[in-house]
Amino acid sequence: MGFAKISQVAHYAPSQVITNDDLSTIMDTNDEWISSRTGIKQRRISQSEMTSDLAGQVAQQLLDKSGIGADEIDFIIVATITPDSMMPSTAARVQAKIGAKNAFVFDLSAACSGFVFALSTAEKFIASGQYRKGMVIGAETLSKTLDWSDRRTAVLFGDGAGGVLIEATSEQHFLAESMNADGSRGGLSSGVVGLQSPFSDQMSDDKFLKMDGRAIFDFTIRDVSKSIAQLIEDSKIGVEHLDYLLLHQANSRILDKMAKKIDIPREKFLANMMAYGNTSAASIPILLSESVDKGIIHLDGSQTVLLAGFGGGLTWGSLIVKI
Ligand code: 4VN
């Protein structure tokens with residue numbers, strides 16, 4: 001058995017910025033409503049790039065920044081609910097783009113928890129001793145799944161990708177985790193993939209992303225806060241030794257409420273939903289990568305952070321990592 005660590009980070013988003021004011025020209029909404037309730041000021045929207053294009057940019061940056069050769073990569077996991085296609089996987093497309101010919105690759109579908117579930121999975125591969133280097137990427141083009149006539153959901157989401165390089169190391173960096181799901185409440189959010197067959201009468205009308213906002217909000221405050229508080233307690237790490245919490249960037253009001261509920265200073269909760277909106281599986285790795293760029297997180301093993309994803313499925317998961 002070995003240990004794993006995050007050795008590099010990267011992020012990429014489409015260049016087109018859509019502000020709340022831009023949205024107010026195509027639907028009945030306004031900046032005041034969106035920013036006061038969600039903290040979101042703008043989002044990036046892809047014009048022609050697919051999820052694999054965004055993820056491919058992240059993968060190439062991870063190689064360039066680390067100096068690692070593409071042939072040294074043992075696996076690539078892409079967490080996404082907006083794959084280019086079900087087959088080949090988005091991860092297979094990324095593999096081809098960067099020429100990681102020795103890697104095994106697959107997509108992981110767990111909505112806003114996708115990156116945390118994928119990172120936990122990657123850590124297990126490395127800890128097995130069988131693999132030494134892998135990529136974990138969260139990438140989404142949610143804009144293609146939005147009903148642009150529904151102002152309650154369309155204003156909340158955006159496109160982007162972020163990812164990490166994970167490598168074998170000699171010391172423990174993954175300190176504690178809690179991974180959870182409740183499929184019986186799956187109907188609270190749905191969508192993205194439409195199924196249709198001439199041989200069956202099943203046809204999903206879930207082409208658009210749908211969300212019972214109030215219910216997901218309540219689930220996050222109640223169940224996710226409890227799970228994070230429990231993990232911190234069980235880990236015996238002590239809140240004062242947690243430098244930052246990087247939670248899924250769904251809504252800044254949610255972060256305010258969770259900070260109060262878990263009783264951790266709001267300043268420890270990093271945020272960038274102002275600039276990207278909710279990018280589902282991409283939100284945590286984009287936030288992590290931007291925080292490294294800003295010098296808030298150092299990637300030198302001197303800090304301890306908690307990563308937490310939560311959303312569709314329902315799914316929720318948290319990791320405490322030395323970074
Ligand atoms: C976690 C959360 C959300 C989410 C839920 C509701 C919501 C985000 C509804 C009320 C509205 C403002 C926006 Cl908490 C989504 C996910 C999935 O990624 C995960 N916003 N809102 C208002 O105030 O009227």
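In table form, for the structure just shown:
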{"item": "Karplus-derived 3J(HN,Hα), 6.51/-1.76/1.60, for each residue of segment 252-263, Hz, glycine and proline x", "result": "6, 5, 4, 5, 4, 5, 5, 4, 4, 4, 7, 6"}
{"item": "Among 59-68, 245-254, 6-15, the order from most to least packed when residues are scored by Cβ within 10 Å on average", "result": "245-254, 6-15, 59-68"}
{"item": "Burial ordering of Met135, Met50, Met274, Met86, fewest other beta-carbon atoms within 10 Å first", "result": "Met86, Met274, Met50, Met135"}
{"item": "P(r), alpha carbons of segment 82-124 - 10 Å bins starting at zero, rounded %", "result": "27, 50, 23"}
{"item": "Positive-end residue of Gly162, Ala100, Val239, charge dipole of the chain with Cβ unit charges", "result": "Val239"}
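Values quoted throughout were computed directly from the atomic coordinates according to the rules given, and no laboratory measurement underlies them. For clarity, every value in this text was computed on a predicted model and none was experimentally measured. Cβ atoms come from the backbone with ideal geometry, glycine included; neighbour counts cover every protein chain shown.
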